[in-house]
Amino acid sequence: MLKKTDPVESILLRHKKITEKALEEVRTSNIHSGGYLGKTLTDHGYIHTQALLETLSADLRLPYIKKEQYPKSGLPVEGLTISETFLRDKVIFPLQLKNETLIVAVYDPFDLSTIEDLKVSLGKKIRIVLSSEQDILTSIETYYGVEGGTAMNRMVSDIQDDDLHGLDSMNESTEHIRDMASEAPVIKLVNHIISEAIEARASDIHLEPFADDLFLRYRIDGILHELEPPPKRLSSAITTRIKIMSKLDISERRLPQDGRIKLKILGKDIDMRVSTLPTLHGESVVMRILDRGNLVLDLSQMGFPDGVLEQMEALIKKPYGKLLVTGPTGSGKTTTLYAALSKLNTPDKKIITIEDPVEYQMRGINQIHVKSQIGLNFADGLRSIVRQDPDIIMVGEIRDPETADISIQAALTGHLVFSTVHTNDAAGAVTRLLDMGIENFLISSALLGVLAQRLVRVICSECKEELTMKPALKIEMGITDDEEITIHHGKGCKACGQTGFRGRCGIYELLVIDDSIRELILKKSTAQTICDQARKNGMRTLREDGWDKVVKGITTIEEILRVTLNDRN
């Protein structure tokens, strides 16, 4: 049972890392059966391990170190008798023997009896530093050669097969499923998967069940990376735990569901958008990580070339008209529009958005979530928005002729309208609207500009190095110059996970609708004709902007070719 005098409790309360209400939950649920309270709180998701250790480090004035800071030489056990069982049981790890003082990593700094036992049995002075349970146990298993020593395997070993019996059965009682998914080992495993994704800067977590395997993949900088997955037998338990966290119906496994999770991890407020999809071998789960700390809502910080940035800022300050942002899914279109809205979000402007779904909540902006199942779609929502007397409207996506028509009419009647559409380039957006049945004279009157964009990975600054451009790449980029061109790439390091890239930035193509372009729209000219005229007017294509970022050492040619493969040169 929890004692009022527990030092961890008083420290966390003093630093406001936990509430009295949370501690009362721990008391009444009897989940703490003795031992280290810090472990109980982290295992059950009341506080993240890093937040716990950082707080204790500051309060107790003890160093807090991670596994990468451990000495590389191995255990300082020459002449010392420390059993693996003792280290594992007490969750301690000897780091360094220095002038008759043994430096030991501990998870529980209040276990003074263990420190005293070490001092007496070894005849050494003991100095402690703080470290996580995971880092300590991983190191014990690494240096003692224990099989299955990964964090994932350790957590999985705590979950007994008997507990999982019948969990995949459609007839299994909801209460049994809920109880299993609420057990500490499953909670700890799901928290581990989420924490690892956030530490890896992932934007999405994919859990995909197949006949014999469960796949775990993180999308990092736009690319999926496969990781060590939990065993297939835990698929239902993990999915159920995620459903409980996102307040979804755990008994419904035949229909897709969508939900949201709010967490505080690694000191960050994290929103997660959860989607479940029934597949042949179980429910596939995708969690989109929405980290406000990584959200750039400043157009000047998004990689716009100076001239394009000036044009973009001029367009969004127009009193009325329509601005489109185009590109494939995951190219940062919505983020660009959020940045534009953030710049315009002042008390004298009423801004309303309709999105599917609302990615980030923005103070001072009225945001509507599309709910097709009850009849609230983009077209119907947009009709109602216009009657709310807005100055600026954002429509998440132009998907159908009706939405396109209403948004054009809104732009013509004194509203500034932002929206997105899926096309390969800026000029293609004009022909896309024509294909939807919008009259050419309406498009030419309402449209202010079209921004096409892509996201490219940025070369890691830690392992960036020069190399000479290969002739084949020169041909691909349309460069006929014979002189050597120096470009850059990342050779791969720990900071970037051996990928050579860390972070992303945008490449852009801005089509400004001037009189020459309006004339072509009225003639229903092809996208190629419109593009050619825009280039004469000074527009730089996606690939040209990409090449400029290659020359500046921001990204690689391979990245530009990857994201602009089907685009015009």
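The values are calculated or read from the model by the stated rules, or taken from the named source; none is laboratory data. Being a predicted model, the structure only gives us computed values, none of them experimental. Heads up, the Cβs are rebuilt from the backbone with ideal geometry, glycines too, and the neighbour counts pull from every protein chain shown. Ligands, DNA and RNA are stripped out before the accessible areas are found, and what is left, the full protein with its side chains, is counted by its heavy atoms. Shrake-Rupley method; radii C 1.70, N 1.55, O 1.52, S 1.80 Å.
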| field | Residue satisfying all of: in segment 294-309; of a type in the set (Gly, Ala, Ser) and closer than 20 Å to Arg502 by Cα; nearest to the chain's Cα centre (by Cα) among these | value | Gly303
| query | So, of the residues in segment 208-240 that are among the charged types (D, E, K, R) and farther than 19 Å from Leu455 by Cβ, which turns out to be surrounded by the fewest Cβ atoms within 10 Å (Cβ to Cβ)? | reply | Asp212
| note | Taking segment 104-117 and the residues there that are surrounded by fewer than 20 Cβ atoms within 10 Å (Cβ to Cβ) and of a type in the set (A, V, I, L, M), the one that is nearest to Tyr36 (Cα to Cα) would be Leu112
| task | Would you be able to say whether some residue in segment 422-439 is part of a helix (DSSP H, G or I), under 30 Å from the mean Cα position of the chain (by Cα) and over 30 Å from Trp547 (Cα atoms)? | result | no
| request: Only residues that are more than 26 Å from Val274 (Cα to Cα), open to solvent by less than 50 Å² (accessible area, probe 1.4 Å), among the hydrophobic types (A, V, I, L, M, F, W, C) and free of Cβ contacts under 8 Å to residues at least 40 places away in the same chain: list them for segment 306-359, please. | output: Leu309
| Test result for Leu412, in contact with a Leu (Cβ under 8 Å, 6 or more places away or on another chain) and open to solvent by 10 Å² or more (accessible area, probe 1.4 Å) | yes
| request: Among the numbered conditions (1) buried (at least 19 other Cβ atoms within 10 Å of the Cβ); (2) at pLDDT below 85, tell me where Asn99 comes up short. | output: (1)
| note | Cβ pairs under 8 Å, 6+ apart or interchain, first in segment 188-217 and over 21 Å from Thr279 (Cβ atoms), second acidic (Asp, Glu) and not in a helix (DSSP H, G or I), ordered by first then second residue, are Lys188/Asp158; Ile198/Asp291; Arg201/Asp221
| message | Just the residues that are open to solvent by less than 10 Å² (accessible area, probe 1.4 Å) and outside any loop (DSSP other than H, G, I, E, B), please, taken from segment 396-409. | response | Thr403, Ala404, Ser407, Ile408
| request: Would you point out which residue out of Ile270, Ile250 is out of contact with any Gly (no Cβ under 7 Å at 6 or more places or on another chain), closer than 28 Å to Ser372 by Cα, open to solvent by less than 60 Å² (accessible area, probe 1.4 Å) and part of a loop (DSSP other than H, G, I, E, B)? | output: Ile250
| query | Among the residues of segment 411-421, is there at least one that is part of a loop (DSSP other than H, G, I, E, B) and touching a His at 6+ places or on another chain (Cβ under 6 Å)? | reply | no
| field | Any helices (runs of 4 or more DSSP H) falling wholly within segment 1-69 and containing at least 1 residues that are more than 22 Å from Ile198 (Cβ to Cβ) and either among the β-branched types (Val, Ile, Thr) or modelled with pLDDT under 80 (or both) | value | 7-14, 20-29, 37-43
| Of all residues in segment 17-63, which are open to solvent by 50 Å² or more (accessible area, probe 1.4 Å), more than 22 Å from Pro185 (Cα to Cα) and within 27 Å of the chain's Cα centre (by Cα)? | Lys17, Glu54
| field | Count of residues meeting criterion [outside any strand (DSSP E or B) and either of a type in the set (S, T, N, Q) or open to solvent by 60 Å² or more (accessible area, probe 1.4 Å) (or both)] in segment 452-477 | value | 7
| request: Being among the β-branched types (Val, Ile, Thr), buried (at least 19 other Cβ atoms within 10 Å of the Cβ) and touching a Phe, Trp or Tyr at 6+ places or on another chain (Cβ under 8 Å) narrows it down to one of Ile198, Ile194, Ile205, so name that one. | output: Ile205
| message | Condition first: open to solvent by 60 Å² or more (accessible area, probe 1.4 Å) and either out of contact with any helix residue (DSSP H, G or I) (no Cβ under 8 Å at 6 or more places or on another chain) or outside any loop (DSSP other than H, G, I, E, B) (or both). Can you find one or more residues in segment 444-451 that meet it? | response | yes
| request: Filter segment 184-212 down to residues that are at pLDDT below 90, part of a loop (DSSP other than H, G, I, E, B) and not aliphatic (A, V, I, L, M) and give me whichever is nearest to the chain's Cα centre (by Cα). | output: Arg201
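Yes or no, residue by residue, for (1) in a loop (DSSP other than H, G, I, E, B); (2) acidic (Asp, Glu); (3) open to solvent by 60 Å² or more (accessible area, probe 1.4 Å):
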position	(1), (2), (3)
His488	no, no, no
Cys496	yes, no, no
Arg502	no, no, yes
Gly506	no, no, no
Glu509	no, yes, no
Arg518	no, no, yes
Gln528	no, no, yes
Asp532	no, yes, yes
Arg535	no, no, yes
